Amino acid sequence: MTRENQMPSLHLLGIDGDDDASSLIRIAGDALDVNGDCAAYENDNFAEWYEREVHGRISIADRQSGERLAQRIARGAQARIRAARIAASLPVRPFRARAAAVVGNINHVARAASESGCAPWVESRAVAAGAGREIWDEPCEQWVELPAEFAGGNLALTVTGDSMTPCLESGDVILVNTHKVVTRDCIVVARRAEDGYVVKHVTRCGRAALELSSFNRAYEPFTIERVPGAVVGVVVAKLARDEGVS
Amino acid sequence: MDSRGERGQVLPRARGTERAHGARPDPAADMELLAGVRRNELTGLRNFVLRFEPVLMDQARRLGVAQDERRTVVTEFLDDMLVRLAGEKTEAPRSLTAFVITSFRNCVTDLRREAAVRARHSQSQEEMIGTEHVVRATCSEFMLRSARGDGCGDDSGDESPSYAVVMLARALIESCSYDERQLLIWSAHRVALRDCAAWLGLSYDAAKQKLFRLRVRLVRDSVARLSALAGPDRAELARILRRAGVQINNDVTRSTA
C-alpha cells in the first residue's frame, strides 16, 4: 500500500499532516519513555547516541559539580567493593558446638580446647560490637569443633550489632586466631576503651596505630593504638549454623 | 529485532549513516573502564560515575522522578551498580551504556512497584485507623503519584506526560511491536529517521513506511481510546490530541468508535 493511498484515510481521521502526526508520535514516545519502556535503550546504537547527546549538553557548572559527586560516590563504592571482597574471601565452615571438656574462663580452657581440636566459644554479649569485661575472663562452657585447617590459638566469638553487615550479621559466630599477624584489609577483634570488644575491618595498618572501619557505612572509622592487648586476634572464618556451608 | 518486509522476507541491513555508526565509543574503552572498576581503582570508579551520572540524571528526569529525589536515586543506583560490576566474574556487557541505562530504568520501575505496594498497604491501614501520616512517611511524592498512576512528573515544568498519556502508553505497549516501540521513543528523542532505519536494519524507505503506518494506527487508536473514555480523562486526552494537531469532532469520534 502506497503512501498516497493512505493519505485520504488520515484526513478522515482528522489529522492535518505529517508534522502534526509526528507531534503525536513524539507524545506517544515520551509516554512510553516515562512509563519505563526499555525497548529503545536496549539498542546499543541508540544508547550510545543518547549518551553522546546528553554529554553534549552538560554545562561547565554541571561538570564541576559532577566531578565532586563522582569522587564521593567512587570513594564510597571503593570501600563497599573492598568489604564485599573481604566478606567473600572469609571462609565459611560448619558450626559444631559441644560441651566443654574443661570448664573455666577462656584463659584457663584455651590450651585444653586446642589440644582437643576445639576452640572455646564465648556467646556472651561482652564481645564483638558490645562493651564489657576482659574477654579472657569470660566463663566458657561450650567449645566449637575446629575444621582441620585451623591449628591452635583460636577462639570462637558471637557477633552482636550491625556494624559489619553485610559481611557479619548479629548472631554470627566467628573464629578468631590469636596468633595471626594483623595486616591491612583483614578483619580483627580489638579492644576499644569506650566500646569494649569490637570486630572491625583494618583499613590502615601503621606501626603505632590501626585504623578500623565498619562495613556498614552508618559507622565512622576510628583509630586504636597498637599496644599489647589492643587486638585479640584476626578473624579467620565464619562458622555457619546452617547446613548449607560453602 | 524484527526487520521483516511486507511479505515476511528479511530485508537487507542498511549501512547506516556516519552518525549512526561512525562515532560509536570504542568498545575497548568500555572494557578498560570496566577493568578499572573491577580492579577497584578510584580513578576507574570515578570515571565510571563521571560518564554515567549525567546520563542517569537525564533518565531520571525522563522517567518523571521528582527533582529533589533524582540525585539520591541516581547516587544509590551508581553505588550499587559499581559494587555489582566489580563483583561479577562474567563477561562485560555488549554495550556498557545500554546495560547501565536499562538497569537504571528497571530499577526505577521496581521502585515504583514497591512504592505502589507500600501505598496500597498504607492506604488500607489508613482506612482502618485513619493514619495518612503513615503514607506520607513511607512514600515520597513521586512514589505516591506513581503508585496512584496520576502522572509521574514533578511540578518543575518538565515534559512528563499527563495521566491520560501514560494510560495511552500502557495501551500502546500492548498494541505495538518491539520495533515500533523503539521507533516511537527514538522519534520522541528526535533521532533522524535515517539513523532509526540504520539501527533497525531497514532501508530508509522501509523505515519511512513503517513510521507512516505507525502514525496512522496511532491516530486511529488514540481517537478510538478517546471515544471509550469519559469525564476528565477524556477531556485530558482530547486536549493532548488537539495539541498534537488531531482535529477531533463528534463525527470523527463516532465513526472510529
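Send over the Kirkwood Rh of segment B:39-89, from the inverse of the averaged 1/r over different Cα pairs, rounded to one decimal Å. Numbers along the way, then the final one.
Values: mean 1/r = 0.0866 Å⁻¹.
Taking every pair of different Cα atoms in segment B:39-89, averaging 1/r and inverting gives 11.5 Å.
Can you sort A:Asp44, B:Asp80 so the residue with the fewest Cβ neighbours within 10 Å comes first? Write down the numbers at each step before the final one.
Details: A:Asp44 18, B:Asp80 14.
With the sparsest Cβ surroundings first, the list reads B:Asp80, A:Asp44.
How do B:Lys208, A:Lys238 line up, fewest other C-beta atoms within 10 Å first? Let's see the in-between values first.
Numbers: B:Lys208 16, A:Lys238 21.
Fewest-to-most ranking of B:Lys208, A:Lys238: B:Lys208, A:Lys238.
If we count other beta carbons within 10 Å of each Cβ, what is the order of B:Phe212, A:Phe215, fewest first?
By the 10 Å Cβ count, ascending, the order reads B:Phe212, A:Phe215.
Restricting attention to segment B:31-122, which trypsin sites (Lys or Arg not before Pro) occupy a DSSP loop and are surrounded by at most 11 other Cβ atoms within 10 Å?
Within segment B:31-122, the qualifying trypsin sites (Lys or Arg not before Pro) (loop, at most 11 other Cβ atoms within 10 Å) are B:Lys89, B:Arg94.
Identify the GluC sites (Glu not before Pro) of segment A:143-211 meeting these criteria: DSSP loop state and at most 11 other C-beta atoms within 10 Å of the C-beta.
Passing both the DSSP loop test and the Cβ count: A:Glu149, A:Glu194.
Straight-line reach from A:Lys200: which lysines have a Cα under 16 Å away, not including same-chain ones fewer than 8 places off?
Output for A:Lys200: A:Lys180, A:Lys238.
Which FRET efficiency value, to the nearest 0.05, do you get for B:Glu114 and B:Ala224 by plugging their Cβ-Cβ distance into 1/(1 + (r/R0)^6) with R0 = 25 Å?
0.15
Run the numbers on segment A:154-246 and let me know its relative contact order in percent, using alpha-carbon pairs under 8 Å that are six or more apart. It would help to have the intermediate numbers written out before the result.
Numbers: 196 pairs, mean separation 28.4, N = 93.
Here the relative contact order equals 31 percent.
Summarise the partner chain shielding of B:93-100 as one whole number: the mean count of Cβ atoms from other chains within 10 Å of each residue's Cβ.
Numbers: counts 1, 1, 9, 4, 9, 12, 4, 3.
Mean partner shielding for this stretch: 5.
Restrict the search to segment A:60-120; then list the trypsin sites (Lys or Arg not before Pro) that DSSP places in a loop and that have at most 14 other Cβ atoms within 10 Å of their Cβ. Before the final figure, lay out each step's value.
Values: sites: A:Arg63, A:Arg68, A:Arg72, A:Arg75, A:Arg80, A:Arg82, A:Arg85, A:Arg96, A:Arg98, A:Arg111; in loops: A:Arg96.
Listed in order of number, the matching sites are A:Arg96.
The numbers here are math on the coordinates, done by the rules we state, and not lab data. Model, not experiment: these values are computed from the prediction. Because the Cβ atoms are built from the backbone with ideal geometry, glycine has one as well, and the counts that use them run over all protein chains shown.
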